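Peer 1: Can you keep this structure in mind? I'll have questions shortly.
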Amino acid sequence: MQEQQNSPDQKGRLVIVDDDHILADRLGKALERRGFEVTAINTVAEALEWIEDTHPDFALIDLRLTDGNGLDVVQKIKDTCPACRTVMMTAYGNIATAVSAVKAGAVDYLAKPTDADAVELVLLSDNKQRPPLPLRPMSAERVRWEHIQRIYEQCDRNVSETARRLSMHRRTLQRILGKYAPRENTGI
């Protein structure tokens, strides 16, 4: 593979690691139009191998992939090419996984669904901008969901151990973990 110089309108190599083929394709095409050289990868195994051979400038990685956890990819990028700006993306967003992503080496965390504008802003930001304060605090349902997710992460994603610690039936916990975060009421 030959080394490619970035032209002024080229922003750099971006790898998107997501098992949602449609989302990865659409997001990839939109970011290519914005000047990124995009490679879409669908599995942890393929991503780990690709990163070893090709050092990206940017990475957008889904947390839950069919063959593993996106945090493994974040860690590999941090070890292999520390200058890469890595952003974690997930539909199962919570505080515990956001903290885990940042500790693994991600510079930011986006909730799905997201669009190319938000991705580009996060990838190219200088980390000096502070996010706006929320207009409303989290609902009680969301706080409960965040707590369950935090305990789940602390138990190394072991459902049985998490259920035991929460005094909850394992099947009930599995149903909760399989759902998206509760939607917040944004109406004024």
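Peer 1: What size of dipole, in debye to the nearest 20, comes out for segment 12-124 about its Cα centre when the only charges are +1 on Lys and Arg C-beta atoms and -1 on Asp and Glu C-beta atoms? If you can, show how the numbers build up before the last one.
Peer 2: On the way: 11 positive and 19 negative charges, 73 e Å.
Charge dipole, segment 12-124, about its Cα centre: 360 debye, nearest 20.
Peer 1: Right, another one. Report the extension gain between ARG33 and HIS147 in nm, rounded to one decimal, defined as 0.36 nm multiplied by the number of residues separating them, less their alpha carbon distance.
Peer 2: Here the segment from ARG33 to HIS147 would lengthen by 37.1 nm.
Peer 1: Let me ask another. Which of the aspartates and glutamates could a cross-linker span from LYS11 if the Cα-Cα distance has to be under 19 Å and same-chain partners fewer than 8 positions apart are dropped?
Peer 2: GLU3, ASP25, GLU32, GLU37, ASP57, ASP108, ASP115, ASP117, GLU120, ASP126
Peer 1: Another question, if that's okay. Given the peptides 31-43, 165-177, arrange them by the average over their residues of other C-beta atoms within 10 Å, most packed first. Kindly include the intermediate steps, with their values, before the conclusion.
Peer 2: Values: 31-43: 17.6, 165-177: 13.1.
Top to bottom by mean Cβ count within 10 Å: 31-43, 165-177.
Peer 1: Mark the label point 7 Å from the Cα of MET168 along Cα→Cβ and return the residues of segment 87-119 whose backbone N is within less than 19 Å of it.
Peer 2: 91-100
Peer 1: In sequence order, what are the phi-derived ³J(HN,Hα) couplings for segment 15-28 according to the Karplus relation 6.51 cos²θ - 1.76 cosθ + 1.60 with θ = phi - 60°, rounded to whole Hz, with x for glycine and proline?
Peer 2: 10, 10, 10, 7, 7, 8, 4, 5, 4, 4, 5, 5, 5, x
We did not get these values from a lab; they are worked out from the coordinates using the rules stated. Note that the structure is a prediction, hence the values are computed from the model and not measured. So basically every Cβ, Gly included, is an ideal-geometry build from the backbone, and we count neighbours across all protein chains shown.
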